[in-house]
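Structure, as structure tokens:
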Amino acid sequence: MIEVLAKLGRGPVFLAGEVLECMITFTNPLSALSTSASSEMLAWASAQIHCQFHTSENRVALPPSDGIKHDVQAENETVFVPNRGERGQCILSTPPKILFCDLRLDPGESKSYSYCETLPIDGPPSFRGQSVKYVYKLTIGCQRVNSPIKLLRVPFRVLVLHGLKDYQFPQDEIVAPSNPFLEEEEGLKKDSRLTDLATELLMVTTSRRSLHLYNISNTRGKVGTFCIFKTVYKIGEDVIGTFNFSEGDIPCLQFSVSLQTEESIQEEFQRRRGQPVSFSTHARHQESCLHTAQSSFNLPIPLSSTPGFTTNIVSLKWRLHFEFVTSGESSGTCLVRGSQSEAITWAGVEQIGVDTFSWDLPIKVLPTNPILASYVSQFSSTNSITI
């Protein structure tokens, strides 16, 4: 028996273009003092990253795939297929890397191997929608002699930030004292610079503020105004907006604001022509606002959500969806009743006619620092299997 342990060095969330580093440890757990202790042999082990694409058959019509489906592992087959037995299509994969050949482990002995691979910068982001899914996995395959291949899958999340692909790193490094006895891998240096660049681009883009004012009105007149200071956000940020109903001609009884994503399939891949898009609500604020002059809302963008993106098959966009309930009468929303004493009682009307209308405001949602997103990731940094 051999235990295989895979641990992602920095967490399970990465930016496209970063270097994924995984430490893979093979251990023979039997103690040397055990009477049944014996050495264990593995013929080979290899690792590869792939992206699996899943679709809803009721919503997406894809052309037939030319790929060979591998569902059954032959007893003596030595072909490493990382997506063997997986549903959907493998749309992206990196070249496989051999970790070792003919590994012998004595009782209690372990060997560790470092796997590093640059994530393709032109791939889709990780996404679990109602119509499609993009799932990234690192698969480690290993095999005993004359035994089936065993696969250890390590799922992780990929964020895509547009604009990094065209960035060229400067050739001239900053002049500084160097120690010839300390070497830093060029890939890790570039990876660090890529993360710093992404963080800087996100900060510059999402920190720009300008006043956006919108008049809220229906067919009968003005209800109020809505104010928001920016329309570009990172996941993990809060969307903040304010309402001013003091200058409205039509009383607003209630409003709600929903933070939603709009998932639409490209026309050529739709199962039915003109099929509706899919909406998902991530946060919602509702408030009764009769006789309220000003109000506000604060909607957090979950760190686990997917920023907006577009591929040849699906498009994901973000929006704020507003719903307003206004009085159907210009006055008479309350009654004032007097009594023989000096006290005055205010009482609401029992019935009132209302009008409802909605409004959508598109916003843009970008990725965030992958280290921050790792804190709330559903994936574990450590995965293991016994063979």
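The values are calculated or read from the model by the stated rules, or taken from the named source; none is laboratory data. Since the model is a prediction, treat every value here as computed from it, not as a measurement. Glycine gets a Cβ as well: all are built from the backbone with ideal geometry, and neighbour counts include every protein chain shown. These area figures cover heavy atoms from the full protein model, side chains too; ligands, DNA and RNA do not enter into them. Shrake-Rupley method; radii C 1.70, N 1.55, O 1.52, S 1.80 Å.
Structure summary
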quantity	calculated
P(r) tail fraction, region 211-315 - alpha-carbon pairs more than 23 Å apart, %	45
Full-extension gain in nm, S110 to S288, via 0.36 nm per residue minus C-alpha separation	57.7 nm
Sequence of K317, K111 when ordered by accessible area, the most exposed leading, probe 1.4 angstrom	K317, K111
Ranked packing of 260-270, 353-363, most packed first, by mean Cβ within 10 Å	260-270, 353-363
Stretchable slack from H212 to C90, in nm (0.36 nm times residue separation minus alpha-carbon distance)	39.6 nm
Listed residue pairs exceeding 22 Å between alpha carbons, taken from K133/K317; K97/K150; K97/K133; K234/K317; K133/K230	K97/K133; K133/K230
Sites N244 and I352, calculated FRET efficiency, Cβ-Cβ separation with R0 30 Å, nearest 0.05	0.85
Environment charge of V257, counting only residues whose C-beta is closer than 10 Å and scoring Lys/Arg +1, Asp/Glu -1	-1
Area accessible to solvent at C101, 1.4 Å probe radius, in Å²	90
